[in-house]
Amino acid sequence: MGAALRRIQFGNALAAFGNGFTAPFLFVYVSRVRGLGDGTAGAVLAVFALVALAVLPFTGRVIDRRGPMPVALVGSALGMVGALGFGISEDASSALASSALMGAGVAVIQPALATMIVSCSTTSSRSRAFATQFFLNNLGLGVGGLLGGLMVDEHRPATFTLLFVIESAMFVVLALVLVSVRLPEFRAGDAVRGAAAPMRESLTDSWAVLLRDRRMVLLCVLGFVLFFACYGQFESGLSAYAVEVTRISTSTLGVALAANTAMIVLAQYVVLRLVERRRRSRVVALVGLIWAVAWVAAGASGLVHGAQAAATALLITTYALFGLGETMLSPTVAPLVADLAPKRLLGQYNSAFALVKQLALAVGPAVGGLLAATGAYGLYIVMLVGCSIGVSLLALALGRRLTAAQDRPYRSVVVASNSGTGQQTSDTRAEATALSASEEREAAMAAV
């Protein structure tokens, strides 16, 4: 990675670290520590999600017109104020206002950072860059959550206030790190920041361009099903199923979540080396099959009566398989969004995909929670096995629409010389040149 990309990744990791301090405890903080009740705590989480859904449709246009840096700095400022507001909130109105500020800040930071990563990477290195971002996000969240859990005391509100102060400070650090980043000039074949090219489309026009792009629309549908079937279930239906049907303790549920994080942290770069030169569509299709097996294992854990150890092992396996699938998605889906985007609409495409993710994260817990509340756990498992198989089918359908450069951008092989300095063979250089030319033609066609 270049210096600019290293700084972006470092700031992103620290922001995730700060978020890990508070995210697992937000509901408990509002409901019990501040004594505002479960209804208010639920409303706080809902406002967080709704505000993110409200601002994301407009974020992409701002990124394309002004560049990702101002958007990321505004998002950091909103996140900082929101975190501080949570730390001193003592009534429902201040907690809801803080949730709105933080939701808006976090929402706009995500596509801005994604656009920065694209600007500081090449087509061939982009998958590794996004895999690194995902790895650092999970590492930061895991470490932050672990330390936060050791620091908080439900009977001492000041300990929670300290956590929110730490998160606020991490937003400030993110802004300071990003200010030091000098984004490079954009090269042919790479996505272009909106400030480098005039924007003629209105917001409506830019959305119309995206909606006419059948590949991007199909990718968004695929993304919604992906996020619905995995991330959208972690804190709702799957947790309820684990406790109510598999009958594991809450501490064992924590072990299962730790298994998910451990799989991501330990396997990310091993998996990356295995999948980065494969067809992206087939990698995503394989993720669908892996997650189908994971949901079958979850279902089986509820059918094993009188063998609690086996049931627990099956459920932990479910979380670990989800982590394996996540490591395969991180170098695959986000880079594909960038490769599909016309150069002048990179921010719009990143924001649209972030919007799809946020929508899935709102709908997923609602559906999972509803089925859990009615006790329809059999239907719940069948639905999610079906969603996972749907991921595979959608991925294969998308693969038929992608160009070779979009579906499998890694065609050049670096051959180390005898001295270990790493030289490319003439055939490899020719192949890389041909791939670059193909990418330029594709970018030109997309722009038209």
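So that you can scan it fast, the table gives a plain yes or no per residue for (1) surrounded by 24 or more Cβ atoms within 10 Å (Cβ to Cβ); (2) more than 17 Å from the chain's Cα centre (by Cα); (3) touching a residue at least 40 places away in the same chain (Cβ under 8 Å):
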| residue | (1), (2), (3) |
| --- | --- |
| GLY87 | no, yes, yes |
| THR115 | yes, no, yes |
| HIS155 | no, yes, no |
| THR159 | no, yes, no |
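Looking at ARG128, ARG156, which is the one that is within 27 Å of THR332 (Cα to Cα) and basic (Lys, Arg)? Even if it seems obvious, please write down each step before you answer.
On the way: ARG156 fails: within 27 Å of THR332 (Cα to Cα).
Of ARG128, ARG156, the one residue that is within 27 Å of THR332 (Cα to Cα) and basic (Lys, Arg) is ARG128.
I'd like the full set of residues that are touching a Ser or Thr at 6+ places or on another chain (Cβ under 9 Å) and either surrounded by fewer than 19 Cβ atoms within 10 Å (Cβ to Cβ) or within 22 Å of ALA107 (Cα to Cα) (or both), limited to segment 34-49. First the steps, then the outcome.
Initially, segment 34-49 is screened for residues touching a Ser or Thr at 6+ places or on another chain (Cβ under 9 Å), giving 34, 36-48.
Correct list: GLY37, ASP38, GLY39, THR40, ALA41, GLY42, ALA43, VAL44, LEU45, ALA46, VAL47, PHE48.
Let's see how each residue does on (1) in contact with a helix residue (DSSP H, G or I) (Cβ under 6 Å, 6 or more places away or on another chain); (2) outside any helix (DSSP H, G or I); (3) of a type in the set (Val, Ile, Thr):
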| residue | (1), (2), (3) |
| --- | --- |
| PRO331 | yes, yes, no |
| ALA338 | yes, no, no |
| ARG344 | no, no, no |
| PHE353 | yes, no, no |
| LYS357 | yes, no, no |
| ALA360 | yes, no, no |
| GLY368 | yes, no, no |
| ALA372 | yes, no, no |
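Quick check on GLY378: is it farther than 28 Å from VAL118 by Cβ, outside the structural domain of LEU113 (by TED's automatic domain parsing) and either basic (Lys, Arg) or over 22 Å from the mean Cα position of the chain (by Cα) (or both)? It would help to see each step written out before you state the result.
Values: farther than 28 Å from VAL118 by Cβ: yes; outside the structural domain of LEU113 (by TED's automatic domain parsing): yes; either basic (Lys, Arg) or over 22 Å from the mean Cα position of the chain (by Cα) (or both): yes.
Yes; evaluated as a whole, the condition is true for this residue.
Look through segment 14-33, keep the residues that are small (Gly, Ala, Ser) and buried (at least 21 other Cβ atoms within 10 Å of the Cβ), and return whichever of them is nearest to the chain's Cα centre (by Cα). Write out each step before concluding.
Applying the first criterion (small (Gly, Ala, Ser)) to segment 14-33 yields 15-16, 18, 20, 23, 31.
So of that shortlist, the ones also buried (at least 21 other Cβ atoms within 10 Å of the Cβ) come out as 15-16, 18, 20.
On the way: ALA15: 14, ALA16: 11, GLY18: 16, GLY20: 14 Å.
By that ranking, first place goes to ALA16.
If ALA240 passes every condition in (1) surrounded by fewer than 21 Cβ atoms within 10 Å (Cβ to Cβ); (2) closer than 23 Å to PHE134 by Cα; (3) at pLDDT below 85 but one, which one does it miss?
Of everything listed in (1) surrounded by fewer than 21 Cβ atoms within 10 Å (Cβ to Cβ); (2) closer than 23 Å to PHE134 by Cα; (3) at pLDDT below 85, ALA240 misses just condition (2).
Output the number of the condition that PHE227 fails; it satisfies all remaining conditions of (1) modelled with pLDDT of 70 or more; (2) crowded, with 19+ Cβ neighbours inside 10 Å; (3) outside any helix (DSSP H, G or I); (4) of a type outside the set (Gly, Ala, Ser).
Against the list (1) modelled with pLDDT of 70 or more; (2) crowded, with 19+ Cβ neighbours inside 10 Å; (3) outside any helix (DSSP H, G or I); (4) of a type outside the set (Gly, Ala, Ser), PHE227 comes up short only on (3).
Consider GLY67 carefully, then state whether it is surrounded by fewer than 23 Cβ atoms within 10 Å (Cβ to Cβ), within 27 Å of LYS343 (Cβ to Cβ) and touching a residue at least 60 places away in the same chain (Cβ under 8 Å).
yes
Let's see how each residue does on (1) at pLDDT below 90; (2) under 17 Å from LEU14 (Cα atoms); (3) touching a strand residue (DSSP E or B) at 6+ places or on another chain (Cβ under 8 Å); (4) not assigned by TED's automatic domain parsing to the domain that holds ALA352:
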| site | (1), (2), (3), (4) |
| --- | --- |
| ASP64 | yes, no, no, yes |
| GLY85 | no, no, no, yes |
| MET102 | no, yes, no, yes |
| ALA114 | yes, yes, no, yes |
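Each row is one residue, and each column tells you yes or no for (1) in contact with a strand residue (DSSP E or B) (Cβ under 6 Å, 6 or more places away or on another chain); (2) surrounded by 22 or more Cβ atoms within 10 Å (Cβ to Cβ); (3) in contact (Cβ under 8 Å) with a residue 60 or more places away in the chain.
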{"site": "VAL337", "(1), (2), (3)": "no, yes, yes"}
{"site": "ALA341", "(1), (2), (3)": "no, yes, yes"}
{"site": "ARG344", "(1), (2), (3)": "no, yes, yes"}
{"site": "TYR349", "(1), (2), (3)": "no, yes, yes"}
{"site": "ALA360", "(1), (2), (3)": "no, no, yes"}
{"site": "VAL363", "(1), (2), (3)": "no, no, yes"}
{"site": "VAL367", "(1), (2), (3)": "no, no, yes"}
{"site": "THR374", "(1), (2), (3)": "no, no, no"}
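Going by the structure shown, is VAL265 closer than 19 Å to ALA23 by Cβ, touching a residue at least 60 places away in the same chain (Cβ under 8 Å) and of a type in the set (A, V, I, L, M)?
yes
Per-residue answers, yes or no, for (1) in a helix (DSSP H, G or I); (2) crowded, with 21+ Cβ neighbours inside 10 Å:
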{"site": "VAL221", "(1), (2)": "yes, no"}
{"site": "ALA259", "(1), (2)": "yes, no"}
{"site": "LEU274", "(1), (2)": "yes, no"}
{"site": "VAL284", "(1), (2)": "yes, yes"}
{"site": "VAL304", "(1), (2)": "no, no"}
{"site": "ALA309", "(1), (2)": "yes, no"}
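If a residue has to be assigned to a helix (DSSP H, G or I) and on the phi > 0 side of the Ramachandran plot to count, how many in segment 20-54 make the cut?
The number of residues fulfilling the criteria is 1.
Just the residues that are free of Cβ contacts under 8 Å to residues at least 24 places away in the same chain and out of contact with any Ser or Thr (no Cβ under 8 Å at 6 or more places or on another chain), please, taken from segment 1-33.
ALA3, ARG6, PHE27
The values are calculated or read from the model by the stated rules, or taken from the named source; none is laboratory data. Because the structure is a prediction, the values reported are computed rather than measured. Backbone-built Cβ (ideal geometry, glycine too); neighbour counts: all protein chains shown.
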